[in-house]
Amino acid sequence: MDKKKSLGLIVNPIAGMGGSVGLKGTDGKEILEKAIKMGAKPVAPQRAEIFLSHIKHLSKEINLLVGAGWMGEFEAQNVGLEHTTIGQRKNETTSEDTKEIAKRMMEEKINLLVFCGGDGTARDIMDVVGLNLPVLGVPSGVKMHSAVFAINPEAAAELAARFFNEGLPVREAEVMDVDEESFREGRLSSRLYGYILVPYEPEIIQGIKESTILTDDELHNQAAIAIHFIDNIMEPDTVYILGPGTTLRAIVALLSEEKTLLGVDLLLNGKIIKRDVNEAEILESIDNRRAKIVVTPIGGQGFIFGRGNQQISPRVISKVGVENIIIVATKQKMKGLRKLRVDTGDPEVDRKLRGYMRVIVDYGEERLVPVE
C-alpha cells in the first residue's frame, strides 16, 4: 500500500490576467475577453511552474495530483514532475471546474491542496473544502485580500515542503469576498466570506488586507505627507505614476485634482493627465520623459508592488528605475508593518527592489525600512 502523502494542485489559468491591463480582475467571460483583447497574458501558469520547480526535490516523497490541462497538468509536465491528472482538459475553464477538481481531490484524501489564483479562486476552494483540508494559495490574482496566500510562489513551495517534512501547524485564515464590478468603479466592497485551514508560518504567509481608518490623526498625517511631497519632492516636467490608496489621493486633492482611489493615475506639472491607466498606457506616456513611481504599502500586508497595482509592471519599474521609486505611508499604517514586500512576478526586478528603502511618513520625516 502506498503510504506517501499527497499534494493536490489546482491552477486557475485566467487568474491575474486583468492586472497589467488595469481591469482589476478577470471574473466573468466578458471581462476575460476584454483583457485578452487588451493584450493580457496568462499569469497563473508561470507562477504555478515556479512553485512546482521549487518542490521538485519532494517528488520521491509525495504523490502529486493536478487538475487537467492548464489547471495543473501542463505545468507539471513542463517542470518534469510525475503526477496524476484529475478531471478533463478544457479550452475554457470555469469556477465549476475548480470546484469539481477540488471535490475529487478531497475524495482521493490528499493532505494539502495548493491553488494558483486570487480571492475568487480561494472562495471556490472554500465552498468545497471548508475546514476539512489544509489549503495554501500561490498568489496569482489581482486583488488577493485574503489571508490564505504565501507571499510569493517560492514561499508557497517552502511552506508546502515544511508542512510535509516538519508538520507545520494549521490555523483558520480569512477568505475575503471582493466585488470586482464595484472594484472597477473605484469602490472597495470587501467582506469576510469564510475561513479555511492554512499552514501557519507568519513570516511567509500574508496577512489580511487592512483598510485605512480615516481618523482625524490619519487625515492630518496624510495631509502633512502630501504637503511635503508637493513642497520638497515634486519636480517639473516629470511624470509621476501614482499607485492606488488614500495617501496618494490626498496628494492629488491638495493640487485641486481628482485621483482614482483604486487605479493608477499619471500626474504631470500638478495636473492629472491620465486616469486609471494600464501597463501599455504607462509605458507610452513615459517614453522619452522623466518619470517616477509613487506607491503606498498595502495595510496589514506591506506589499508595495504585486498586489492591486500590477499595472506598474516589471517593465514599468525597469524603465523608470528603482532609484526613482517614492514610498509614502502614514505612521499608523507603518506601526503594523515591520517590513515591506514585493512580488512583481519578475525575480530579477524583485531582487533589485529588495534591501532597504526610504518611506516618507510625515512632513520632513522618513524611515528606512527593509524590503523583502
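The values are calculated or read from the model by the stated rules, or taken from the named source; none is laboratory data. Keep in mind that what you see is a predicted model, and the values were worked out from it rather than measured. When we count neighbours, we look across all protein chains shown, and the Cβ atoms used for this are built from the backbone with ideal geometry, even at glycine.
Below are the figures for this structure:
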read-out: Test: ARG358 is basic (Lys, Arg), surrounded by fewer than 22 Cβ atoms within 10 Å (Cβ to Cβ), assigned by TED's automatic domain parsing to the domain that holds ASP265 and closer than 22 Å to MET234 by Cβ; value: yes
read-out: Search result, residues across region 196-228 that are buried (at least 17 other Cβ atoms within 10 Å of the Cβ) and either touching a Pro at 6+ places or on another chain (Cβ under 7 Å) or at pLDDT 95 or above (or both); value: ILE196, LEU197, VAL198, PRO199, ASN221, GLN222, ALA224, ILE225, ALA226, HIS228
read-out: Residue, surrounded by the fewest Cβ atoms within 10 Å (Cβ to Cβ), within region 329-345, restricted to residues that are of a type in the set (A, V, I, L, M, F, W, C) and not in a strand (DSSP E or B); value: MET334
read-out: Considering residues of region 49-79 that are crowded, with 18+ Cβ neighbours inside 10 Å and among the small types (Gly, Ala, Ser) only, the residue farthest from LYS4 (Cα to Cα); value: GLY69
read-out: Qualifying residue in region 224-240 (condition: in the same structural domain as THR330 (by TED's automatic domain parsing), closer than 17 Å to ILE304 by Cβ and touching a Lys or Arg at 6+ places or on another chain (Cβ under 7 Å)); value: yes
read-out: Candidates SER189, SER182, filtered to the one that is at pLDDT below 90, surrounded by fewer than 17 Cβ atoms within 10 Å (Cβ to Cβ), outside the structural domain of ARG290 (by TED's automatic domain parsing) and in contact with a helix residue (DSSP H, G or I) (Cβ under 7 Å, 6 or more places away or on another chain); value: SER189
read-out: Only listed residue being closer than 25 Å to HIS145 by Cβ and at pLDDT 95 or above, chosen from VAL11, VAL21, VAL66; value: VAL11
read-out: Hey, ARG315 basic (Lys, Arg), free of Cβ contacts under 8 Å to residues at least 40 places away in the same chain and part of a helix (DSSP H, G or I) or not; value: yes
read-out: Test: residue in region 339-360 that is at pLDDT below 95, under 20 Å from ILE251 (Cα atoms) and either in contact with a strand residue (DSSP E or B) (Cβ under 7 Å, 6 or more places away or on another chain) or acidic (Asp, Glu) (or both); value: no
